[in-house]
Amino acid sequence: MTGLKGYKDIPIGGVITEAGNSVQYKTGDWRSMRPDWIPEGCVHCLMCWVFCPEAAIKVENGKMTGIDYDHCKGCGICARECPRKEKALRMVRES
Amino acid sequence: MASEQRKVAMTGNEAVANALRQIDPDVVAAYPITPQTDIVQYFSQFVSDGQVKTEFVTVESEHSAMSATVGASAAGARAMTATSSQGLALMWEMLHIASSYRLPIVMPVVNRALSGPINIHCDHSDTMGSLTTGWIQIYSESAQEAYDNVIQAVRIAEHPDVLLPVMVCQDGFITSHGIENLEILADEDVKQFVGEYKPSNYLLNIKEPVTFGPLALQDYYTEFKVQQAEAMANAKKVILEVAEEYAKLSGRKYGLFEGYRLDDAERVIVVLSSTAGTTKAVVDELRSKGQKVGLLKPRVIRPFPAEELVDALSGAKAVAVMDRAETFSTQGGQIFTELRAAFYYAKERPLMRNYIFGLGGRDTTTREIHKVFSDLENDLERGHVEKLVTHLDVRE
Ligand code: SF4
Ligand code: SF4
């Protein structure tokens, strides 16, 4: 556990004093399965973006651009909801 | 300059309710039915009569009472509740939340036995069961002390070096329902003494939004517990500072403990709360016969003033620690265990034995206190304690 702060340098009572800092909490290492995106099969309907509980689907200009693997926890919801199924999003085992 | 104090005849519960009225907290959340005491009943009357500005929330259980108090305190309010016995037991989970969020909640507790068998009378099994919850614990001998301690507790809890919740305990029925003469401060003096509560981080501060109740696992949980332990250590000094300031206002002096005719005492009883009063009467009687006996009444148990108590007992030859709660460790009550451990590195160690007494409200009179002092005398003659742990006044 390196790079962590000492007890004198953290807010007392565990109060979180910065809004929106959950982005610093990397949930990516919880994963045993990862969603694998196949751009050629994707129709950019963004159903995966709507359903992802971790906001891990990256979107630019209304188009799906990839997956944020720092925060994707591998729940598989995106792949289940994707209307193109295996053609656009499939779950593969983490190596 | 303080205004004149008012001499009143009140029960311990009435006295504490009046302290609450004078403090006028922003929020009081309480369970309104038994095992609640009439502290909140009196207080609800003050609310109805418009004598306080408090938002009074009646909840469906003590778990909810503490939860609502935690929520109000985290929101930035000066929040209080009161409880007793099973009610405190039901709060247990939330007691840890209050202390770990570092919320300066003040809670009067009327000490009463935990079931079973079903019992509503005084002993200390309720608060002794919550010694590990991170709350400061202050014990009161009388209605006067309960009143004074509640007012001081606000300042102790809210001190920036402390920021911990405080329980202010008094003995069920003996103190809570017994009428005594006491002096209460003028309303404006209490108001000035407790001052305005200014939390640093709070939920209703929309300019600096914060979140309470984070997840802290192997990486940070320990650090937060160390912060709490450090705050508890700081509390000792703050309790004494607040007591000093309070003495200037009220003329009544408080410390971490009270020593009664202790200076040259060879045989000493250590006991909390109302039984200390009974013991004082016996000490006076035996002193008039030339016997060197004394009393040490701890006031603060969390933090445990180990060095101070060892120092105060350094001249004693035989000490009886009286605990009003079982621990079932078979090694004696909580105060005994902690005090005996505190002596481990002391140069001089008195003979020390333990009495478990007064369970479920069993009366402990001067007769029993006489017996304890005479047991100590026999121990001194014998040169060792006859029995480590004795249940006082038990039928075989
Ligand atoms: S749900 Fe499937 S098809 Fe729709 S944007 Fe996501 S990956 Fe593409
Ligand atoms: S697997 Fe779960 S967390 Fe990861 S991108 Fe899909 S929906 Fe989001």
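The values are calculated or read from the model by the stated rules, or taken from the named source; none is laboratory data. Keep in mind that what you see is a predicted model, and the values were worked out from it rather than measured. As a convention, Cβ positions derive from the backbone with ideal geometry for all residues, glycine included, and neighbour counts pool all protein chains shown. SASA here: full protein model, heavy atoms, side chains in, ligands and nucleic acids out. Shrake-Rupley method; radii C 1.70, N 1.55, O 1.52, S 1.80 Å.
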Which trypsin sites (Lys or Arg not before Pro) in region B:281-377 pass both tests, a DSSP loop state and at most 12 other beta-carbon atoms within 10 Å?
B:Lys289, B:Lys347
So which GluC sites (Glu not before Pro) in chain A end up in coil per DSSP with only 13 or fewer other C-beta atoms within 10 Å?
A:Glu18, A:Glu94
Counting Lys +1, Arg +1, Asp -1, Glu -1, what net charge surrounds B:Ser99 among other residues with beta carbon under 11 Å of its beta carbon?
+3
Under the rule a/c < 1.5 gives rounded, and otherwise a/b versus b/c splits prolate from oblate, where does region B:44-159 land using the Cα gyration tensor?
rounded
Taking the Cβ of B:Thr83 as the center, what net charge do the other residues with Cβ under 11 Å away carry, scoring Lys and Arg +1 and Asp and Glu -1?
-1
Going by a ≥ b ≥ c, the root eigenvalues of the Cα gyration tensor, does chain A fall in the rounded group (a/c under 1.5), the prolate group (a/b larger than b/c) or the oblate group?
prolate
With Cβ to Cβ distances under 12 Å as the rule, what net charge do the other residues near B:Ala186 carry (K, R +1; D, E -1)?
-3
Just list whichever of B:Lys236/B:Lys297; B:Lys236/B:Lys292; B:Lys317/B:Lys371; B:Lys198/B:Lys253 have alpha carbons separated by over 19 Å in the model shown.
B:Lys236/B:Lys292; B:Lys198/B:Lys253
Explain nothing, just compute: Karplus ³J(HN,Hα) = 6.51 cos²θ - 1.76 cosθ + 1.60, θ = phi - 60°, for every residue of region A:3-20 in order, whole Hz, x for Gly and Pro.
x, 8, 7, x, 5, 7, 9, 10, x, 5, x, x, 5, 8, 9, 10, 6, x
Would you calculate a helix-derived [θ] at 222 nm for chain A, using -39,500 (n - 2.57) for each DSSP H run of n ≥ 4 and dividing by the full residue count, to the nearest 500?
-2000 deg cm²/dmol
Where a Cα-Cα gap under 27 Å defines reach, which lysines qualify for A:Lys87, not counting those fewer than 8 residues away within the same chain?
A:Lys58, A:Lys63, A:Lys73
For B:Trp92, what accessible surface area do you get with a 1.4 Å probe? Give it in Å², rounded to 10.
110
Where a ≥ b ≥ c are the square roots of the eigenvalues of the C-alpha gyration tensor, would you call region B:294-393 rounded, which needs a/c under 1.5, or, failing that, prolate if a/b is larger than b/c, or oblate?
oblate
Enter the per residue convex hull volume of region B:60-104, computed from alpha-carbon coordinates, in Å³ rounded to the nearest integer.
60
Please report the spacing between the Cα centers of region B:95-172 and region B:25-61 in Å, no decimals.
17
Summed buried accessible area for B+A [probe radius 1.4 Å, Å², rounded to 100]:
1600
Charge dipole magnitude, Cβ of K and R +1, D and E -1 - region B:188-289, Cα centre, debye nearest 20:
240
Looking only at other chains, what is the average number of their beta-carbon atoms within 10 angstrom of each beta-carbon in B:91-101?
1
Looking only at Cα atoms, what is the convex hull volume of the protein assembly as shown per residue, in Å³?
208
B:Glu244 to B:Leu217: extension gain in nm, 0.36 nm per residue of separation minus the Cα-Cα distance?
5.7 nm
Cα point-scatterer Debye curve for chain B, base-10 log of I(q)/I(0) at q = 0.06, 0.12 Å⁻¹
-0.23, -0.92
